[in-house]
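Everything on this sheet refers to the single structure shown next.
The values are calculated or read from the model by the stated rules, or taken from the named source; none is laboratory data. As the structure is a prediction and not an experimental result, all values here were calculated from the model. Ideal geometry is used to build each Cβ from the backbone, glycine not excepted, and the neighbour counts take in all protein chains shown.
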Amino acid sequence: MFLKKINPNLSESLADAGLTEPTSLQKETFGTIKSGVDCVISAPSSEGKTTAIVINVIQRLEKEFQESPRALIIVSEKAKVLEVIELFKKYGNHTNLRVYGVHEKGDIDYDKNQISLGIDVLVGTPGRLSEMFSSAGFDVNQLKMFILDEASPILKLRHDTRIMRMSDGIAKTQRLFFTEEITERVESLADRIMIEPLFFDFDEEEDEEEYDDEETEEQNEE
């Protein structure tokens, strides 16, 4: 995949998986996310938001390191936890990053034991992650990335307080929100926990209109 200064091992994994062309979102936010600033990124599902999350986490963490997780990815439900883990297997096959997922249907004591053995990426639902944070299951100050996927539906279920509590327990980290729309709740939480966040809005209809305009111009030139 053509992304500026992408990790060679990650690039090889993406090529192996047949992912050679980035979406507008993946291309235009890659450098900004890599720089470590806080971002709120809004786009339709066709822009590959979850894939962008996985790509950027692999780029940032690169390889196994120490015991406590360095990236936290908050998702809506068990099915999404499993989806994200599969994407890490698919796009991280040339790294040794350790990825683990938690959700309400799992055994919390078992999860804590697995995490204590050492992981790099923790993926989970707001409820289960909140329980684990409150019981001090790991050193949150090692976190380099705090990511909320599908922010709008998660916040619609009133998980705001849980997410703020988790975020407030971290001294310093990059915070990223990915969402289909920037609602008042999304914007309010971003203002509450982020530092001068950058906002990106990728509108599918606008992209289609731009493509149609370019196609029309080419036809006129012919």
**Message:** If D120 satisfies all but one of (1) under 20 Å from R192 (Cα atoms); (2) at pLDDT 95 or above; (3) not small (G, A, S), what's the number of the condition it fails?
**Reply:** (1)
**Complete:** By residue number, the members of region 92-123 that are of a type in the set (S, T, Y) and out of contact with any Asp or Glu (no Cβ under 9 Å at 6 or more places or on another chain) are Y110
**Request:** Only helices (runs of 4 or more DSSP H) wholly contained in region 27-119 count here; list those with 2 or more residues that are touching a Ser or Thr at 6+ places or on another chain (Cβ under 7 Å), β-branched (V, I, T) and surrounded by 18 or more Cβ atoms within 10 Å (Cβ to Cβ).
**Result:** 78-91
**Message:** Being modelled with pLDDT of 95 or more and polar (S, T, N, Q) is the filter here; which residues of region 48-75 pass it?
**Reply:** T50, T51, N56, Q59
**Asked** What single numbered condition from (1) under 28 Å from K63 (Cβ atoms); (2) surrounded by fewer than 19 Cβ atoms within 10 Å (Cβ to Cβ) fails to hold for R192?
**Response** (1)
**Message:** For the structure I just gave you, tell me whether I6 is buried (at least 20 other Cβ atoms within 10 Å of the Cβ) and either within 15 Å of the chain's Cα centre (by Cα) or farther than 23 Å from M194 by Cα (or both).
**Reply:** no
**Message:** Taking the criterion of being touching a residue at least 40 places away in the same chain (Cβ under 8 Å), touching an Asp or Glu at 6+ places or on another chain (Cβ under 8 Å) and surrounded by 19 or more Cβ atoms within 10 Å (Cβ to Cβ), would at least one residue in region 152-173 satisfy it?
**Reply:** no
**Message:** I need a count of the residues in region 176-199 that are outside any helix (DSSP H, G or I), more than 24 Å from T51 (Cβ to Cβ) and of a type outside the set (D, E).
**Reply:** 1
**Message:** Checking F177 against (1) within 16 Å of the chain's Cα centre (by Cα); (2) at pLDDT below 90, only one condition comes out false. Which one?
**Reply:** (2)
**Asked** So which residues in region 16-26 are part of a loop (DSSP other than H, G, I, E, B) and buried (at least 21 other Cβ atoms within 10 Å of the Cβ)?
**Response** P22
**Message:** I'd like the full set of residues that are modelled with pLDDT of 95 or more and of a type in the set (D, E), limited to region 133-174.
**Reply:** D149
